[in-house]
Amino acid sequence: MKDNGLEIIYSDDNPAIEKDDDKCIECGYCVKACRDEVTVAKMYDINKTKKPICIHCGQCTNLCPTEAVHERLDYLKVKSELERKDIVKTISIAPAVRVAIGEAFSLGEENYEGKIVSGLKKIGFDYVFDITFGADLTIMEEAMELVNRIKNKGILPMFTSCCPAWVQYAEIFYPEFLPNLSSCKSPITMQSTMIKTYFSEKEKIDASKILNVVVAPCTAKKKEVKRKEINRASDYFKISGINDTDYVLTTRELISLLNESNIDFNSLPSKEFSSPLGKGSSAGLLFGKTGGVMEAALRTAYYFLNGKDLEEDAIKFDEVRGIEGVREATLDLGKVTLRVAIVNGMKYAVSLLEKIKKKEVDYDFIEVMSCSYGCVGGGGEPKLTLLEMKERKKSRLESIEKEDKIAKIRLCHQNPEIKEIYEKFLETPSSKKAKQLLHTSFTDKSYLLRGEEHE
Ligand code: SF4
Ligand code: SF4
């Protein structure tokens, strides 16, 4: 556990990660992950903070060889909720889950969304939704926000805010950049709010009778869904006690849930996601990999700026693809030229943020994802050995890019279910209702570095 005197301590109230001391062999891998990959452990002095600081990214769980450090497990609670007859059970699957789950069943990194849907229906979920829909919704709001900031000379660069580990990092270590963060909630939290409001009204199901579960490649989502400011269904219905998301399971927990429910994953037939909230564009699917949020946003921002879609051969932005730690490009979007940057892994964020502060670089739009390769390298994905790590993460990423290449709908704003939800419920991107349900705010938490208690 100790490495050069540094030790990772997990608070008992950490909502995402816990440690079983009995299993710890003091190999120091968790320290390496937190200090060298995520940089959190070297960003603060515990003598001053008095408490450990954690952004809940889960990279320490990925490297721990003994399961001593692991995500807080919720899948058994979900399994027992499935026995209940008095509730409607919904579950939504994030993009990166479908291209990693096959590894647990010796199937590789193909897209296994059809088998996931079928397995989850078999164990008792009434509706299985696709968070690619939530990603499309995020892009509608985020691309509009970007265009508005550019047109109205608002605060730039705008940073993406769909990675909760990055949001926490900015709140604690770089609060001066909080006005730069997009006010959009993440795909998962948008999807959950839509399930408990739009879907509940449409299907005439009492929102307090919906059990809403999310499967993510991400441990930080376990913390994110507990943020008061992102939960909106209670306010919407003016009834207290409704959580937009009831449980977040990691991809690993989904595998355990299926295995412990005696599901033979390999023999499952393929089934379609439930509708509505079950259809996504391939741009939304790109959220699962580094550069994907940027690429999806650029495709729709082009439409908002120019009133027409990109030509088919210009839809793929080669400039933002790749796996380098920081990538930058200057892109012609018709009416504007945008300077963009992509940060692939938290360890690359600090030098870029410092350069921006010193005005050594200048951008309009920046994507930051805490995990290397993006969410396909998330802290809740199937564990990989150090030897296979690069190759497997690359395969997961390529599988998503392959899906984009062959997809019929490659633009978020062309998703028919997205068109319908704006027509029937949200009105327009950035409308008063959309702002109320789909946007959020951030808090300066640098007081934690001074050992102060504010919450
Ligand atoms: S979850 Fe991330 S920030 Fe928290 S201890 Fe582990 S590596 Fe560090
Ligand atoms: S990159 Fe994705 S998986 Fe990793 S912390 Fe951010 S949202 Fe979660």
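Taking 22 Å as the limit for the C-alpha separation, the pairs Lys51/Lys222; Lys335/Lys402; Lys196/Lys289; Lys153/Lys335; Lys335/Lys408 exceed it in the case of Lys335/Lys402; Lys196/Lys289; Lys335/Lys408.
Oblate is the label for segment 143-212, because a/c, from the alpha-carbon gyration tensor with a ≥ b ≥ c as root eigenvalues, is 1.5 or above and a/b does not exceed b/c. If you take the beta carbon distance between Ser275 and Glu453 as r and set R0 to 41 Å, what does 1/(1 + (r/R0)^6) give as a FRET efficiency, to the nearest 0.05? Efficiency computed from Cβ-Cβ geometry: 0.35.
For Lys357, the lysines whose Cα falls under 18 Å of its own Cα, not counting residues fewer than eight places away in the same chain, are Lys347.
Calculated mean residue ellipticity, 222 nm, the chain: -9000 deg cm²/dmol, from DSSP H runs (n ≥ 4) at -39500 (n - 2.57) each, averaged per residue and rounded to 500.
Built from the Cα atoms of segment 2-72, the convex hull projects on average onto 4.4 nm², one quarter of its surface area. With a Förster radius of 60 Å applied to the C-beta separation of Lys347 and Lys238, the computed FRET efficiency comes to 0.85. The relative contact order of segment 2-72, computed from alpha carbon pairs under 8 Å that lie at least 6 residues apart in sequence, is 43 percent.
Over the chain, the reciprocal of the mean inverse Cα-Cα separation, the Kirkwood hydrodynamic radius, stands at 22.1 Å. Short to long, the 10 Å bins of the Cα pair-distance histogram for segment 373-454 hold 13, 21, 23, 30, 13, 0 percent of all pairs.
Are any of the pairs Lys185/Lys359; Lys77/Lys383; Lys359/Lys435; Lys32/Lys223 more than 25 Å apart by Cα-Cα distance, and if so, which?
Those over the limit are Lys185/Lys359; Lys359/Lys435.
Mean separation of Cα pairs under 8 Å and 6+ residues apart, divided by the residue count of the chain: what relative contact order is that in percent? Don't skip to the end; give the middle numbers.
On the way: 881 pairs, mean separation 106.4, N = 455.
Relative contact order, the chain: 23 percent.
Spacing of the modelled spin labels on Lys228 and Lys122, each 7 Å from Cα toward Cβ, amounts to 4.4 nm.
Using 17 Å as the cut-off for backbone N distance, which residues of segment 356-382 belong to the label zone defined by a point 7 Å from the Cα of Glu398 along Cα→Cβ? Inside the label zone: 373-374, 376-377. Here's the picture: charge each Lys and Arg Cβ at +1 and each Asp and Glu Cβ at -1 in the chain, and of Cys162, Phe199, Ile116 the one pushed furthest to the positive end of that dipole is Phe199. Can you tell which of Thr440, Leu268, Ile131 lies farthest toward the positive end of the dipole of the chain, using +1 and -1 charges on the Cβ of basic and acidic side chains (Lys, Arg; Asp, Glu)? Going by the Cα projections, it comes out as Thr440. For the chain, a crude dipole built from +1 on the beta carbon of Lys and Arg and -1 on the beta carbon of Asp and Glu, taken about the Cα centre, is about 700 debye to the nearest 20.
To check you understand DSSP bridge types, tell me what percent of the beta bridges within the chain (both residues inside) are antiparallel, rounded to 5.
35
Computed from point charges on the beta carbon alone (+1 for Lys and Arg, -1 for Asp and Glu), the dipole magnitude for segment 2-72 about its Cα centre is near 340 Debye. Each residue of segment 20-30 is assigned a 3J(HN,Hα), and the resulting list reads 9, 4, 4, 8, 6, 10, 6, 6, x, 5, 5 Hz, derived from the Karplus form 6.51 cos²θ - 1.76 cosθ + 1.60 (θ = phi - 60°), x at Gly and Pro. Comparing Pro15, Ile25, Cys54 along the charge dipole axis of segment 2-72, the residue lying farthest to the positive side is Cys54, per the Cβ-charge model. Placing +1 on the Cβ of every Lys and Arg and -1 on the Cβ of every Asp and Glu, with nothing else charged, gives segment 102-193 a dipole about its Cα centre of roughly 240 debye. Computing FRET efficiency as 1/(1 + (r/R0)^6) for Lys204 and Lys355, where r is the C-beta to C-beta distance and R0 is 45 Å, gives about 0.25.
Read-outs throughout are calculated quantities, based only on the coordinates presented, and are distinct from any laboratory measurement. On a predicted model such as this, the values are computed, not experimentally measured, just so you know. Virtual Cβ from ideal backbone geometry, glycine too; neighbours counted across all protein chains shown.
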